[in-house]
Amino acid sequence: MSFLKCFVPFSLCLLFLTGCWDQNELDELSIVMGMGINIDKKGDLIVTYQVVNPTEVAPGVSGGGGGKQPVFTVYETKGKNLMEATRKATKQTSRRLFFAHARMVVFSEKLAKENIYEALDMMSRDPEVRSTIQVLIARNTTPSKILRTFTAIDKVTSDEVAAILRISEKNWGENVQQDINEVLQSIINEGGEPLINGIEITGDKDLAVTAKNYEVGDPARVKVSGMGVFKKGKLKGWLDGPEARGILWLRGKIVSSVVTVPCKGNKKGYAIEVVRSNTELSASTKRDVPTINVEVFPETNIAETNCPVNLEKPSEILKIEKMFNNVIEKEITKTIKAAQNFNSDVIGFGELLYRENPEKWNRVYKKNYNRIFPEIQVKVKVDSRIRRSGIRTSPFLFEKNQENKEEVESS
Amino acid sequence: MRNRRKRPIIKTHKKLSDMIADKKSGESSSLQTKSVASEVQIRAFNDKQQPVKVGELSPALHINVDRIKHRLGNPTDLIVREFEFELEQKVTATLIFLEEMNDTQLLSEFILEPLMNLTSEKQSSPVPINHALHYIKQNALALGRVLDVETEDELLEALLAGLSVLLVEGNTKGLKMGTNGGKMRNIEEPTSEVVIRGPKEAFTESIKTNISLIRRKLRSPDLRIEKFIVGDITRTDLAIVYMDNIVNPLIVKEIKERIEQVKTDGLLETGQLEEFIQDETVTVFPQLMSTERPDVVIGNILEGRVGIIVNGTPFSLIAPTQFIQFFQSSEDYYMRYDISTFLRLLRFSVFIISLIAPSIYIALTTFHQAMIPTTLLFGIAAQREGVPFPAIAEALVMEITFEILREAGIRMPRAVGVAVSIVGALVLGQAAVQAGLVSPAMVIVVGITAVASFAIPSFAVATSARLLRFPLMIISSVFGFYGLTLALIVIVAHLTSLRSFGIPYLSPFAPIQTQDLKDSLFRFPVTHLFKRPEKLAKKNATRTLPYEVKKKREEETTR
């Protein structure tokens, strides 16, 4: 009884005096969808927050009259570091900034060239920011402009960018989704360096930041472009186009892509659709400068043929496979060359060497990796298989030629 | 807890009752003192003729009749029919009964008529008067249930139970005869446990009908029906029903003991009995299952449980009861095993939904916004925009509104019910949202919770979910998922601690009984339910033998 007498009031106190410290009603939160980080001349951080206006985004809920509001608003603050800037933002907002749903963080090129490590720490430390937040670098523009851009399909820019990254990685393969987790992982990896997607604005840049951008048929858009190569936290240069795709081949991350293979002097040649691919890396660490073997096994379809070839013959298919192999081999070699020129191990060779021979890595390679990496010999071998050719075998061009020949013969 | 018993409140209560008793004896107006007084008178009267002990029947008819009339207060429905019949000489007899409780046709056809037609000619040897009772019992009364009555109390009890009593001049005994009748409800379809496939009969208020319903379906000599009388004033008939060769005798003994210990003035429904004999009072979970379906009672008797039937209510109890039984319907055994397994899983998840759905909504929207998918978050945030109350207030208001509507819907006369539902639909749905009192998402949550709580087959366990919902909502509004999880752990721990007549409430899950799991959340095909529940039917565990027909067929065809 006496136990109960003590227990009941105490537990009631527990209910009503403690707790609630992290309670937030939904309408007291500003949902941040994207962050931009720039640096000013004094070295302070300029942080931009893209905050959603849920009434405009939510389906089926009409805003309480009084004309259309923009889908999002942008706050901008300055601070010596990220946390300071974030808290300073409360001077402008009526609600607490809520980061759990942030989709992307954009660094300016300027900041990237100086140092991105500092800005990354807060985001990896804060429990609210998700580790799946995409990291990008604004190319030829500033983060604040990107976050102010009105996009046509997904109304919130950050949403759109995250979706673009995902779709383009799956279908084209010149970008890898780099969330903050992966960026940090590649920094921590032995000898590794991060590789961060670039983003730019195409079209009328002045129009981009106005709501009129919704109303034109050909609006300014955000576009993922290239991947930034880092060295010791500093942006060194960009990998673009096929060079960027080489990274995906090397990492075995190609899900699907299209590769153009020339034929008989026709540059357009064949479009080969990659369906799936497998990459095997192995290293030999006998000598002071290691050699690395890259073997890629893509499975492909013929998606388009612009020359008259008899695809019914297996030998023709084999020829195409060979040409395709060459194209990919060149692509990969070029990528490796580029990385070696930047002297930045964005591919992850260091980690590979460490796994292959941890003892030698610690003893020999680690100290001189700067010197060794550009000299690493890489043997690239591509062994592809063409599985299908769509719903027809030979191209109609070939059949037409056949008919012509037959006509000539018969006449 | 012991201190509580020594509290002065009870003492004053005793004093009060003493005071009342004193007062009454002083006034000499209470029933007891009256009867005592009358007995004194009668004794004085009897002393002249022959000595008769108090409470025993007198051979003088009019004395007995007077005493009965006196004790019952000479009610209008007491019929005293005096008549004569002929044995060795003319004999006066009296038939006493309460009018509306007896079948008058039975009385006239099988008692009055044969008796009045008795003549001395038929008799081989003359019958002396003091043997008259025995003689007419053997020769004249064409009724099944005829028993001797020896004392006045017995006589009264028989009268009140709806029997008729025959007294014969010069005999110190009477006869009570089973001529019960009167208006009674017919056997109808069950109203609270409707099934699509399965027997459509339900228990009625009459214990006799109910026992007959069970007997008809269970023709085993091992069926035991034991009668009790509970309630000092109502003298309610109560029967326990079980299979002697299956049941665990310790459980029967325990149940009997608990029923015998019930000392109360009246027992009108099994719910009252349930509160007396249940193991734990401080809990929201029902520890005895109630049903109005005979097939449910029989199915449970066959598993080694005990049915308790109370006169005056169509609901009978089943003991001991496990938690899982509340999610099983008798229909589960009549439908195919696959669909009944699906339905059982569905009902269980429905229970969980009705228990925690509002709490989850509150926890998500006030603590764990990160867990809501982004697009949905926009939706909910937009709806919450402009709602003045925090989510917990919003949820409480809606839940309580729903409870009010539900209560109103049950208690209202049927004609008003339509109005209630229309107003309810408007209030709960459209208007509350448009007025900006609640968000549409909350309406959905309340709606799902309401529908879910109706989908649980057992009303009793649905009410426990209904009660627990509110504390859970408050806890999750203070502690979020953390608090909700803790509260659920406490609930599970509490469930584990419960026992129903010594059988763990959560069995067969805790403690685990692998054989019984076959018929728990799942239902295996009937051909594979070989054993009865382990703890209940130790004596006679085998229920079904392996079914060999298909095997034989297969062997034949493969040959």
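The values are calculated or read from the model by the stated rules, or taken from the named source; none is laboratory data. Because the structure is a prediction, the values reported are computed rather than measured. Cβ coordinates were reconstructed from backbone atoms using ideal geometry, including for glycine residues, and neighbour counts include every protein chain displayed. Note: areas computed on protein heavy atoms with side chains; ligands, DNA, RNA excluded. Shrake-Rupley method; radii C 1.70, N 1.55, O 1.52, S 1.80 Å.
Name the pairs whose Cβ atoms lie under 6 Å apart, with the first residue in region B:244-263 and surrounded by 14 or more Cβ atoms within 10 Å (Cβ to Cβ), the second in a helix (DSSP H, G or I) and of a type outside the set (D, E, K, R), and 6 or more positions between them or separate chains?
That search, which allows pairs on different chains as well, returns B:ARG258/B:ILE277; B:VAL262/B:PHE276.
How many of the residues in region B:192-237 are without any contact (Cβ under 8 Å) to a residue 40 or more places away in the chain, open to solvent by less than 30 Å² (accessible area, probe 1.4 Å) and not in a loop (DSSP other than H, G, I, E, B)?
The qualifying residues number 1.
Which of the numbered conditions does B:PHE470 fail, given that it passes all the others? Conditions: (1) open to solvent by 90 Å² or more (accessible area, probe 1.4 Å); (2) at pLDDT 90 or above.
Condition (1) is where B:PHE470 drops out.
Being of a type in the set (A, V, I, L, M) and either without any contact (Cβ under 8 Å) to a residue 24 or more places away in the chain or crowded, with 17+ Cβ neighbours inside 10 Å (or both) is the filter here, so list the residues in region A:251-274 that pass it. Don't jump to the end; show me each part of the working.
As a first pass, look at region A:251-274 and keep what is of a type in the set (A, V, I, L, M): A:254-255, A:258-259, A:261, A:271-272, A:274.
Within region A:251-274, A:ILE254, A:VAL259, A:VAL261, A:ILE272, A:VAL274 qualify.
Quick one: would you say B:THR401 is more than 8 Å from every other protein chain (Cβ to nearest Cβ) and either on the phi > 0 side of the Ramachandran plot or polar (S, T, N, Q) (or both)?
Values: more than 8 Å from every other protein chain (Cβ to nearest Cβ): yes; either on the phi > 0 side of the Ramachandran plot or polar (S, T, N, Q) (or both): yes.
For B:THR401, the condition - more than 8 Å from every other protein chain (Cβ to nearest Cβ) and either on the phi > 0 side of the Ramachandran plot or polar (S, T, N, Q) (or both) - is met.
Count, please, the residues in region B:385-396 that happen to be facing chain A (nearest Cβ under 9 Å) and closer than 14 Å to B:VAL445 by Cα.
So the answer is 1.
Which residues, counting only those in region B:293-321, are part of a loop (DSSP other than H, G, I, E, B) and open to solvent by less than 10 Å² (accessible area, probe 1.4 Å)?
Filtering region B:293-321 for residues part of a loop (DSSP other than H, G, I, E, B) gives B:293, B:303-305, B:311-315, B:320-321.
B:ARG293, B:GLY304, B:THR313, B:PRO320, B:THR321 - these are the residues of region B:293-321 that are part of a loop (DSSP other than H, G, I, E, B) and open to solvent by less than 10 Å² (accessible area, probe 1.4 Å).
Conditions tested, residue by residue: (1) open to solvent by less than 60 Å² (accessible area, probe 1.4 Å); (2) out of contact with any strand residue (DSSP E or B) (no Cβ under 8 Å at 6 or more places or on another chain); (3) among the basic types (Lys, Arg); (4) assigned by TED's automatic domain parsing to the domain that holds A:ASN343.
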| site | (1), (2), (3), (4) |
| --- | --- |
| A:GLU200 | yes, no, no, no |
| A:TYR214 | no, yes, no, no |
| A:GLY217 | no, yes, no, no |
| A:LYS231 | yes, yes, yes, no |
| A:LEU235 | yes, no, no, no |
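Within region A:98-128, track down each residue that is at pLDDT 90 or above and among the hydrophobic types (A, V, I, L, M, F, W, C).
The answer is A:PHE98, A:PHE99, A:ALA100, A:ALA102, A:MET104, A:VAL105, A:VAL106, A:PHE107, A:LEU111, A:ALA112.
Could you please tell me which pairs satisfy a Cβ distance under 8 Å, a separation of 6+ or placement on different chains, a first residue in region A:297-319 that is touching a residue at least 60 places away in the same chain (Cβ under 8 Å), and a second residue that is open to solvent by 70 Å² or more (accessible area, probe 1.4 Å) and in a loop (DSSP other than H, G, I, E, B)?
Qualifying pairs under 8 Å: A:CYS307/A:LYS264; A:LEU311/A:THR393; A:GLU312/A:THR393.
Could you say which residue among B:GLU109, B:GLU152 is open to solvent by less than 40 Å² (accessible area, probe 1.4 Å) and among the acidic types (Asp, Glu)? Spell out the reasoning first.
On the way: B:GLU109 fails: open to solvent by less than 40 Å² (accessible area, probe 1.4 Å).
Within the list B:GLU109, B:GLU152, the selection yields B:GLU152.
Based on what the data block shows, is B:SER476 under 13 Å from B:PHE285 (Cβ atoms), polar (S, T, N, Q), surrounded by 18 or more Cβ atoms within 10 Å (Cβ to Cβ) and touching a residue at least 60 places away in the same chain (Cβ under 8 Å)? Please lay out each step first, then the result.
On the way: under 13 Å from B:PHE285 (Cβ atoms): no; polar (S, T, N, Q): yes; surrounded by 18 or more Cβ atoms within 10 Å (Cβ to Cβ): yes; touching a residue at least 60 places away in the same chain (Cβ under 8 Å): yes.
Considered against the rule, which asks whether it is under 13 Å from B:PHE285 (Cβ atoms), polar (S, T, N, Q), surrounded by 18 or more Cβ atoms within 10 Å (Cβ to Cβ) and touching a residue at least 60 places away in the same chain (Cβ under 8 Å), B:SER476 comes out as no.
Quick check on region B:264-278: of everything there that is surrounded by fewer than 16 Cβ atoms within 10 Å (Cβ to Cβ) and outside any helix (DSSP H, G or I), which residue is nearest to the chain's Cα centre (by Cα)?
B:GLU269
Give A:MET1, A:MET33 a once-over and let me know the one that is within 14 Å of chain B (Cβ to nearest Cβ) and at pLDDT 90 or above. Even if it seems obvious, please write down each step before you answer.
Values: A:MET1 fails: at pLDDT 90 or above.
Every option except A:MET33 fails the conditions.
Name the residue that is nearest to A:THR157 (Cα to Cα), counting only residues in region A:168-215 that are of a type in the set (Val, Ile, Thr) and part of a helix (DSSP H, G or I). Reasoning before the result, please.
Step one: of region A:168-215, the residues of a type in the set (Val, Ile, Thr) are A:176, A:180, A:183, A:187-188, A:196, A:199, A:201-202, A:209-210.
Applying the additional criterion that residues be part of a helix (DSSP H, G or I) yields A:180, A:183, A:187-188.
Details: A:ILE180: 19, A:VAL183: 22, A:ILE187: 28, A:ILE188: 30 Å.
For region A:168-215, the residue satisfying everything is A:ILE180.
Mind checking which residues of region A:111-156 are touching a Ser or Thr at 6+ places or on another chain (Cβ under 8 Å), closer than 17 Å to A:VAL209 by Cα and among the hydrophobic types (A, V, I, L, M, F, W, C)?
A:ALA138, A:ILE146, A:LEU147, A:PHE150
Does A:THR55 satisfy the criteria of being part of a helix (DSSP H, G or I) and at the interface with chain B (Cβ under 10 Å from one of its Cβ atoms)?
Details: part of a helix (DSSP H, G or I): yes; at the interface with chain B (Cβ under 10 Å from one of its Cβ atoms): yes.
In short, yes.
Select from region B:351-374 the residues that are open to solvent by 20 Å² or more (accessible area, probe 1.4 Å) and not in a helix (DSSP H, G or I) and write down the one among them that is nearest to the other protein chains (Cβ to nearest Cβ).
Filtering first and then ranking leaves B:PHE367.
Exactly one condition in (1) within 18 Å of B:PRO390 (Cα to Cα); (2) open to solvent by 20 Å² or more (accessible area, probe 1.4 Å); (3) within 11 Å of another protein chain (Cβ to nearest Cβ) is not met by B:PHE481; state its number.
(3)
Looking at B:GLY170, B:GLY182, which is the one that is in contact with an Asp or Glu (Cβ under 9 Å, 6 or more places away or on another chain) and touching a residue at least 24 places away in the same chain (Cβ under 8 Å)?
Testing whether each residue is in contact with an Asp or Glu (Cβ under 9 Å, 6 or more places away or on another chain) and touching a residue at least 24 places away in the same chain (Cβ under 8 Å) leaves just B:GLY182.
Give me a count of the residues in region A:210-234 that are among the hydrophobic types (A, V, I, L, M, F, W, C), over 26 Å from A:ILE116 (Cα atoms) and modelled with pLDDT of 85 or more.
Going through region A:210-234, the residues among the hydrophobic types (A, V, I, L, M, F, W, C) turn out to be A:211, A:216, A:220, A:222, A:224, A:227, A:229-230.
Pick out the ones that are also over 26 Å from A:ILE116 (Cα atoms) and you get A:211, A:216, A:220.
Within this subset, residues satisfying the condition of being modelled with pLDDT of 85 or more are A:220.
Residues flagged as among the hydrophobic types (A, V, I, L, M, F, W, C), over 26 Å from A:ILE116 (Cα atoms) and modelled with pLDDT of 85 or more within region A:210-234 amount to 1.
So which residues in region B:389-402 are open to solvent by 30 Å² or more (accessible area, probe 1.4 Å), modelled with pLDDT of 90 or more and either of a type in the set (Asp, Glu) or over 19 Å from A:LEU26 (Cβ atoms) (or both)?
Result: B:ILE400, single match.
Take the conditions of a type outside the set (A, V, I, L, M), part of a strand (DSSP E or B) and open to solvent by 50 Å² or more (accessible area, probe 1.4 Å) and apply them to A:LYS223. Does it pass?
On the way: of a type outside the set (A, V, I, L, M): yes; part of a strand (DSSP E or B): yes; open to solvent by 50 Å² or more (accessible area, probe 1.4 Å): yes.
Yes: the conditions hold for A:LYS223.
May I ask you to say which residue of A:ILE328, A:ILE336, A:ILE317 is under 30 Å from A:TYR354 (Cα atoms), in contact with a Leu (Cβ under 8 Å, 6 or more places away or on another chain), in the same structural domain as A:LEU248 (by TED's automatic domain parsing) and in a helix (DSSP H, G or I)?
On the way: A:ILE328 fails: in contact with a Leu (Cβ under 8 Å, 6 or more places away or on another chain); A:ILE317 fails: under 30 Å from A:TYR354 (Cα atoms).
From the options A:ILE328, A:ILE336, A:ILE317, the qualifying one is A:ILE336.
What number goes with the only condition from (1) within 22 Å of B:SER330 (Cβ to Cβ); (2) surrounded by 15 or more Cβ atoms within 10 Å (Cβ to Cβ); (3) over 28 Å from the mean Cα position of the chain (by Cα); (4) of a type in the set (Ser, Thr, Tyr) that B:THR527 does not pass?
(2)
Give the residues of region B:418-442 that are under 15 Å from B:LEU405 (Cβ atoms) and open to solvent by 40 Å² or more (accessible area, probe 1.4 Å), sorted by residue number.
Taking region B:418-442 as the starting set, the residues that turn out to be under 15 Å from B:LEU405 (Cβ atoms) are B:418-432, B:438.
Once the filter is applied, which keeps residues that are under 15 Å from B:LEU405 (Cβ atoms) and open to solvent by 40 Å² or more (accessible area, probe 1.4 Å), region B:418-442 yields B:VAL418, B:ALA419, B:SER421, B:ILE422, B:VAL423, B:ALA425, B:LEU426, B:VAL427, B:GLN430, B:ALA431.
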